[in-house]
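Some notes on the structure that comes next.
The values are calculated or read from the model by the stated rules, or taken from the named source; none is laboratory data. If you're wondering where the values come from, they're calculated on a predicted model, not measured in any experiment.
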Amino acid sequence: MDTREKLELIVKTLDSKRGEDIQALRVADITILADYFVIVNGTSNTHTRTLADEVEFQLSQKGIEPERREADTGNTWIILDYADIIVHVFYKEQRNFYKLESLWADGEPVDISSLLTKENADEN
């Protein structure tokens, strides 16, 4: 599975579990950390954990495991590091606090609207 296919699977998985405000940024030209960041928020700590768990499950079904998984004890933020893609799952307030989209504003937004259900595509 190449990076683009992995990105599409991650976005579709987050969308299927009703992740909010899903954003993908291409950051390959500005950092060595990853090629893409995917940023999403959940509506509760449980929803945040569910989003991360489902991404991890779906990718593991394809034989892809994260190099690292980091989270705070309350599941208000979870990071899944797949080397080429880093998935940032936040509880809404935490996302507003960290403002990754602003921090990585030099990244190139990726048009993922074709991967989202209509209701989520309208929000993005």
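Could you please give the count of residues in the range 73-104 that are small (G, A, S) and modelled with pLDDT of 90 or more?
Final tally of qualifying residues: 1.
Counting just the residues of the range 33-56 that are among the aliphatic types (A, V, I, L, M) and at pLDDT 95 or above, which one comes out farthest from I79 (Cα to Cα)?
Among those that are among the aliphatic types (A, V, I, L, M) and at pLDDT 95 or above, it is A34.
Let's see how each residue does on (1) closer than 21 Å to M1 by Cα; (2) of a type outside the set (F, W, Y); (3) under 13 Å from the mean Cα position of the chain (by Cα):
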residue: T13; (1), (2), (3): yes, yes, yes
residue: Y36; (1), (2), (3): yes, no, yes
residue: T43; (1), (2), (3): no, yes, no
residue: A52; (1), (2), (3): yes, yes, yes
residue: V55; (1), (2), (3): yes, yes, yes
residue: S60; (1), (2), (3): yes, yes, no
residue: E67; (1), (2), (3): yes, yes, no
residue: D72; (1), (2), (3): no, yes, no
residue: E93; (1), (2), (3): no, yes, no
